[in-house]
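See structure below.
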Amino acid sequence: MRIALDPGHGGIFPGAIGINPFELREKDVTLALCLKIGKLLKQSGHQVVFTRHEDKHLDENLSADLRKRIECANAAKAEVFVSLHCNAYSDPNPEGIETLYYPESSLSEKLARAIQDSLVSTFVDHVNRGVKPKELFMLRLAHMPACQVETEFISNPSQLEFLAAPTNQENLARAIADGIIDFAEVQLKRSRS
């Protein structure tokens, strides 16, 4: 399958910034994860399209930047779209992993569930915040099953350290890639039958 990966934020849009016990920017975490996921997907025989390969934005206007990201995936005729993010909140205590999908797409819900299931079975000690329908601009405009993965809360000091650790990034990438691959295999079997 042709899979579009969107490292959330980038360039002038840093996303959430965790500052305790050190500074970590969401845009850096999402790019590192997407590059690792892309490599794993390619090794499994899938084609990969990135909305960005480096620390850059696609437009100086945030809405236009988001529109260009999903237009990139739509123009590439991607069959799956996954946007990677880190959650954040004003209170440093919330934690957990969740995956969001556009409410009116049953295939997007299945994609989100496959990824979330893979993540929570890999990280059993993390809070499972579940699979949730959410009206998000990019997911609404996607021409394919699409979801947004919130890998953890960068605003939580312990989860910030978790997100920054290279081993954890490798394991996150593997879990997300496995979830995408599981979804892709089911869809490919259905299309052949």
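We did not get these values from a lab; they are worked out from the coordinates using the rules stated. Here the structure is a predicted model, which means the values were calculated and not measured. Positions of Cβ are backbone-derived with ideal geometry, glycine not excepted, and every protein chain shown enters the neighbour counts.
Positive end of the dipole of region 1-86 (Cβ unit charges, origin at the Cα centre): among 37, 11, 64, the Cα lying farthest that way belongs to 37. Footprinting exposure proxy ranking of 127, 49, fewest other C-beta atoms within 10 angstrom first, gives 127, 49.
Of the residues 121, 73, 24, the one whose Cα sits farthest towards the positive end of the charge dipole of region 2-192 is 73 (charges of +1 on Lys and Arg Cβ, -1 on Asp and Glu Cβ, taken about the Cα centre). Per-residue extension of 0.36 nm, minus the Cα-Cα distance of residue 125 and residue 161, leaves a gain of 11.5 nm for this segment.
Rounded to the nearest whole Hz, the Karplus-based 3J(HN,Hα) values (6.51 cos²θ - 1.76 cosθ + 1.60, θ = phi - 60°) of region 2-12 follow the sequence 9, 10, 9, 10, 10, x, x, 6, x, x, 6, with x at glycine and proline. Under 17 Å from a label point set 7 Å out along the Cα-to-Cβ vector of residue 60, the amide N atoms of region 1-31 belong to 10-14. Under the convention that each Lys and Arg Cβ holds +1 and each Asp and Glu Cβ holds -1, the size of the dipole of region 34-133 around its Cα centre is about 420 debye. Once backbone amide H atoms are built at 1.01 Å from N, residue 89 has 155 as its partners under 5 Å, excluding neighbours fewer than 5 places away on the same chain.
With +1 on each Lys and Arg Cβ and -1 on each Asp and Glu Cβ, how big is the dipole of region 2-192 about its Cα centre, in debye rounded to the nearest 20?
On the way: 22 positive and 26 negative charges, 183 e Å.
Using only the charged Cβ atoms, the result is roughly 880 debye.
Just want the answer: with Cβ charges of +1 for Lys and Arg and -1 for Asp and Glu, which residue in 156, 131, 166 is farthest toward the dipole's positive end in region 58-193? The Cα lying farthest towards the positive end belongs to 131.
Could you give the length gained on full extension between residue 44 and residue 91, defined as 0.36 nm per residue of separation minus the Cα-Cα distance, in nm? Before the final figure, lay out the partial values.
Working: separation 47, 0.36 × 47 = 16.92 nm, distance 3.96 nm.
Difference between extended and current length: 13.0 nm.
Comparing Cα centroids, region 55-92 and region 125-184 end up 14 angstrom apart. Extension gain, residue 189 to residue 67, is 40.8 nm, computed as 0.36 nm per intervening residue step minus the present C-alpha separation. State the percent of C-alpha pairs, over all pairs in region 92-193, separated by a distance greater than 20 angstrom. Considering region 92-193, 41 percent of its Cα-Cα pairs are separated by more than 20 Å. When Cα Rg over 2.2 N^0.38 Å is computed from the coordinates, the matching label among (i) 1.32; (ii) 0.95; (iii) 1.50 is (ii).
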